[in-house]
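Presented below is the structure to which this report refers.
The values are calculated or read from the model by the stated rules, or taken from the named source; none is laboratory data. The structure presented is a predicted model; accordingly, all values stated were derived computationally and were not measured. Cβ: placed from backbone, ideal geometry, glycine included. Neighbour counts: every protein chain shown. What goes into the accessible areas is simple: the full protein's heavy atoms, side chains included, and nothing from ligands, DNA or RNA. Shrake-Rupley method; radii C 1.70, N 1.55, O 1.52, S 1.80 Å.
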Amino acid sequence: MGREKTATAMTGRPSRVLVFAPDRSGEYAEALEQAAVGVGLEIRAASSPAEAWEERLWAEIFLGAGLEAELLLGMPSLRWIQWAWAGVDQVMGNPAFVSAVSTGRFLLTRVVGVFGAPLAEYILGWCLFVTQDMPRTLQARRDRLWRRFTPERLAGKRLGLAGMGAIGTEVARRAAALDLEVWALRRSGGAGSPASQPGPVTRIFGPDGLPEFVGGLDFLAVVLPLTAETRGFISGDILRLMKPTAALINVARGGIVEERGLLDALGAGRPAWAVLDVTAQEPLPATSLLWSHPNVLITPHHAGISRPADIVALFLRNLVAFRTGRTLEGVVSGDLGY
Ligand SMILES: NC(=O)c1ccc[n+]([C@@H]2O[C@H](COP(=O)([O-])OP(=O)(O)OC[C@H]3O[C@@H](n4cnc5c(N)ncnc54)[C@H](OP(=O)(O)O)[C@@H]3O)[C@@H](O)[C@H]2O)c1
């Protein structure tokens with residue numbers, strides 16, 4: 001057991017919280033210990049899945065991520081899981097886990113309200129990379145050549161957000177401040193009416209509208225959850241409908257974009273760019289053809305790095321709701337898978 005600390009309960013027995021996050025359990029436990037003084041928590045941090053398993057009979061609440069669903073299912077007293085990531089695909093890929101969520105054996109909440117700002121900066125930064133033609137400037141520096149060109153304007157271009165949830169909404173707000181037009185696609189659609197949508201979206205599509213949606217965009221940002229429905233959703237055939245000048249930016253999960261199809265589409269000249277923060281296999285193997293394509297840019301899943309203090313603040317808000325029977329933030333639906 002890496003760390004242990006008992007905070008005195010104000011009333012009753014302290015709630016028993018098991019903390020685990022790959023390589024970050026200590027950071028999370030420390031942030032929780034600092035913020036939760038007097039809240040009535042007994043905190044244990046596991047620095048490996050084996051250590052987490054040792055606590056299976058003890059844990060009532062789990063705060064963290066990256067632990068296999070089987071291990072969580074093996075914890076008989078577990079009543080609430082606060083996942084420390086926004087995406088729950090790792091655990092929701094396990095049918096027994098989905099059933100435990102659906103039947104209310106335990107509650108699953110994920111992170112909301114934390115990743116919108118950093119992911120918006122990532123997406124808009126790469127949009128500017130394209131319109132400012134930054135590769136051309138880097139080449140001019142290498143050539144020591146004063147070579148004037150006219151950068152494109154970002155204002156007036158159209159950004160499509162595949163996914164208009166917690167993150168998509170934040171991206172749309174910031175994109176509108178730069179005078180981008182925003183289209184969105186969501187599972188529930190919206191019958192083309194932006195009236196019921198948050199923020200400055202001019203058109204809303206449902207999943208059936210995907211071909212028309214992608215065909216009208218200058219930038220396609222993928223902010224969907226990975227579920228059975230969205231796996232491979234952005235196929236090569238869909239990507240080939242994009243404009244030859246357009247860019248794909250995937251910050252969601254690698255499994256949503258078909259990588260072979262993406263390489264074929266790029267080879268056919270549509271889209272022009274692909275910026276991938278996530279790939280089907282992570283870390284992306286050095287042998288992947290994605291590394292060798294000149295118009296594919298890879299970042300190592302760092303677009304939405306979180307600070308433990310932010311996750312702990314959400315956890316403590318949710319703890320109050322959990323104890324008082326109110327609705328928690330970021331509740332995951334067993335039926336929808338996100
Ligand atoms: N790169 C990173 O570091 C990083 C960081 C944070 C998050 N992420 C990823 O971003 C994802 C999105 O996060 P979020 O918090 O914005 O999720 P969210 O609030 O649950 O929003 C998901 C959006 O996707 C839509 N959607 C779901 N299934 C769909 C389908 N089959 N067809 C069309 N639209 C569908 C939803 O439609 P409705 O509005 O109709 O429900 C909703 O608009 C996470 O699941 C995670 O994988 C990555």
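The table below gives the values:
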| quantity | calculated |
| --- | --- |
| Single unsatisfied condition, Thr103 versus (1) open to solvent by less than 70 Å² (accessible area, probe 1.4 Å); (2) within 30 Å of Gly40 (Cβ to Cβ); (3) not hydrophobic (A, V, I, L, M, F, W, C) | (1) |
| Number of the exception - Trp85 against (1) away from the ligand (no atom under 16 Å from the Cβ); (2) open to solvent by 60 Å² or more (accessible area, probe 1.4 Å) | (1) |
| Where Leu248 falls short, out of the listed (1) outside any strand (DSSP E or B); (2) free of Cβ contacts under 8 Å to residues at least 60 places away in the same chain | (1) |
| For Gly189: the one exception among (1) surrounded by fewer than 16 Cβ atoms within 10 Å (Cβ to Cβ); (2) of a type outside the set (Phe, Trp, Tyr); (3) more than 13 Å from the ligand (Cβ to nearest atom) | (3) |
| Unmet requirement for Phe62, which otherwise passes all of (1) part of a strand (DSSP E or B); (2) among the aromatic types (Phe, Trp, Tyr); (3) open to solvent by 20 Å² or more (accessible area, probe 1.4 Å) | (3) |
| Residues of the stretch 89-102 classified as more than 22 Å from Ala166 (Cβ to Cβ) and not in a helix (DSSP H, G or I), total | 1 |
| Inter-residue pairs, beta-carbon under 7 Å, first surrounded by fewer than 21 Cβ atoms within 10 Å (Cβ to Cβ) and in the stretch 114-140, second part of a helix (DSSP H, G or I), 6+ apart | Ala117/Glu170 |
| Test: residue in the stretch 214-226 that is more than 10 Å from the ligand (Cβ to nearest atom), open to solvent by 60 Å² or more (accessible area, probe 1.4 Å) and without any contact (Cβ under 8 Å) to a residue 40 or more places away in the chain | no |
| Count of residues meeting criterion [open to solvent by 40 Å² or more (accessible area, probe 1.4 Å) and within 19 Å of Asp218 (Cβ to Cβ)] in the stretch 256-283 | 3 |
| Test: residue in the stretch 87-94 that is more than 17 Å from Gly26 (Cα to Cα) and polar (S, T, N, Q) | yes |
| Residue tally, condition within 16 Å of the ligand (Cβ to nearest atom) and open to solvent by less than 60 Å² (accessible area, probe 1.4 Å), over the stretch 141-176 | 15 |
| Cross-chain or 6+ apart pairs with Cβ under 7 Å, the stretch 33-48 first and within 14 Å of Pro308 (Cα to Cα), then modelled with pLDDT under 95 | Glu33/Lys5; Ala36/Ala7; Ala45/Gly2; Ala45/Arg3 |
| For Gly232: the one exception among (1) in a helix (DSSP H, G or I); (2) farther than 26 Å from Gln132 by Cα | (1) |
| Unique match (being within 15 Å of the ligand (Cβ to nearest atom) and in contact with a Gly (Cβ under 9 Å, 6 or more places away or on another chain)) among Arg253, Arg260 | Arg253 |
| Output for the stretch 316-332, where each listed residue is touching a residue at least 24 places away in the same chain (Cβ under 8 Å) and either part of a loop (DSSP other than H, G, I, E, B) or within 16 Å of the ligand (Cβ to nearest atom) (or both) | Asn318, Leu328, Glu329, Gly330, Val331, Val332 |
| Any chance Glu181 is more than 16 Å from the ligand (Cβ to nearest atom), in contact (Cβ under 8 Å) with a residue 24 or more places away in the chain and in contact with a helix residue (DSSP H, G or I) (Cβ under 9 Å, 6 or more places away or on another chain) | yes |
| In the stretch 263-302, the residues that are within 16 Å of the ligand (Cβ to nearest atom), in a loop (DSSP other than H, G, I, E, B), in contact (Cβ under 8 Å) with a residue 24 or more places away in the chain and within 16 Å of Trp126 (Cβ to Cβ) | Asp277, Val278, Thr279, Thr299, His301, His302 |
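Rundown of residues vs (1) closer than 21 Å to Leu161 by Cβ; (2) assigned to a helix (DSSP H, G or I); (3) polar (S, T, N, Q), yes/no style:
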| residue | (1), (2), (3) |
| --- | --- |
| Ser77 | no, no, yes |
| Gln82 | no, no, yes |
| Gly87 | yes, no, no |
| Gly104 | no, no, no |
| Val111 | yes, no, no |
| Pro118 | yes, yes, no |
| Tyr122 | yes, yes, no |
| Pro135 | no, yes, no |
| Arg141 | no, yes, no |
